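Below: the structure, in structure tokens.
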Amino acid sequence: MTADAVKRILAGDVRSAARLMRGIENGDRVAFETLETLYPQTGKAYIIGVTGSPGGGKSTLVDVLIGAFRRRGMTVGVAAIDPTSPLTGGAILGDRVRMQQHCTDQGVFIRSVATRGWLGGLARAAIGIVHVMDAMGKDIVLVETVGIGQQEVDVTRLADTSVFVLTPGSGDAIQMMKAGILEVADIFVINKADQEGASRAKVDLKSMLSMKNNLPDERQPPVVLTEAINGRGIEELTDEILKHRKFLVSQGGWQKRERQRASHELTEAIESSLKDYIKLSVNQTTKDKLVEDLVQRRISPQAAASAIVSQLLRQCDTSV
Ligand SMILES: Nc1nc2c(ncn2[C@@H]2O[C@H](COP(=O)(O)OP(=O)(O)OP(=O)(O)O)[C@@H](O)[C@H]2O)c(=O)[nH]1
Ligand SMILES: [Mg+2]
């Protein structure tokens with residue numbers, strides 16, 4: 001990408017940004033180089049993660065949140081991350097349709113991110129796409145992911161405020177405890193509050209939260225009831241998000257999250273560089289021979305890996 005394209009992205013140009021994002025999704029080297037040029041211009045956007053179980057209403061919620069932030073004069077970027085296989089790409093289409101009402105608004109940029117098969121690639125692409133939206137000058141970047149598990153924890157590391165969405169009577173609570181969500185989410189939303197059991201779910205969740213081992217000055221995450229389909233509770237949710245931002249800024253927590261994010265990204269970058277290095281450096285004949293040894297049970301996978309790593313380290317030693 002040219003210096004001109006970088007300039008256009010910084011000025012908020014949608015087409016250049018979309019092209020760069022496509023490159024990032026495809027793992028294109030040039031795209032990642034462009035991202036490096038943009039990196040010094042990032043770090044200004046406020047990143048909000050929206051996670052929760054499938055079908056809980058995250059996209060509908062994001063859609064109405066876009067409206068709420070726009071009414072408060074903020075520009076918004078949305079990265080809807082779809083970890084499902086390309087064969088079941090329905091969710092992406094659904095998101096596009098659902099958020100279509102904003103497609104003529106210059107202050108909104110929506111992008112679906114599909115995986116290219118492996119999770120590490122998804123995380124890397126998602127972070128890259130958030131950086132591009134940040135560089136475009138979006139005040140708020142909303143990141144939507146599906147599922148309960150490790151992935152939320154990862155997205156939480158990426159977000160300044162993480163919002164966890166559950167529904168009445170879905171039995172998500174136990175899963176959440178298992179996945180450690182209670183510890184990492186900043187705001188809980190019980191969406192589909194028009195359905196039975198919403199107030200009960202709120203009481204249960206609040207009592208679970210109060211049983212956590214809170215430090216005396218630790219903030220209790222609020223629980224907000226919403227009906228995303230008709231916008232009920234959205235102003236309150238927006239207020240809570242902005243309140244959390246204020247809290248982070250006043251406590252120095254924003255810088256702390258920025259630091260965590262940078263550290264996480266550094267680890268990812270090291271791992272991905274090492275993977276690339278290993279792919280390029282391990283001699284195919286050596287690998288084939290070790291595979292044969294494994295098949296014949298002459299060596300264990302761990303011992304084979306150690307043999308390769310020692311060889312790589314020796315190569316490094318002689319090259320410096
Ligand atoms: N009754 C009710 N239905 C809702 C509400 N919010 C969303 N829905 C419906 O729930 C369904 C799923 O909504 P989505 O916004 O696609 O949910 P999601 O969590 O993004 O789904 P995935 O991304 O596929 O995991 C849709 O049919 C919505 O219309 C709500 O407040 N009340
Ligand atoms: Mg969705």
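Any read-out appearing in this document is the output of simple, stated calculations on the displayed coordinates, not a laboratory observation. Note that the structure is predicted; figures quoted are calculated from it, not measured. Virtual Cβ from ideal backbone geometry, glycine too; neighbours counted across all protein chains shown.
Checking the cross-link filter: which aspartates and glutamates have an alpha carbon closer than 19 Å to that of LYS275, excluding same-chain neighbours under 8 positions apart?
Answer for LYS275, where 19 Å is the Cα cut-off: GLU25, ASP28, GLU33, GLU265, ASP288, ASP317, listed by chain and number.
So how do ILE127, ILE299 line up by other beta-carbon neighbours within 10 Å, fewest first? Mind dumping the intermediate values first?
Details: ILE127 23, ILE299 17.
Listing ILE127, ILE299 from fewest to most nearby Cβ atoms yields ILE299, ILE127.
Which lysines have a Cα lying under 22 Å from the Cα of LYS58, excluding residues fewer than 8 positions away in the same chain?
LYS138, LYS178, LYS192, LYS202, LYS206, LYS243
Answer rounded, prolate or oblate for segment 188-251, using the Cα gyration tensor with square roots of eigenvalues a ≥ b ≥ c: rounded when a/c is under 1.5, else prolate when a/b is larger than b/c, else oblate. Please list the in-between numbers first.
Working: a/c = 4.87, a/b = 1.30, b/c = 3.75.
Note, shape of segment 188-251 comes out oblate.
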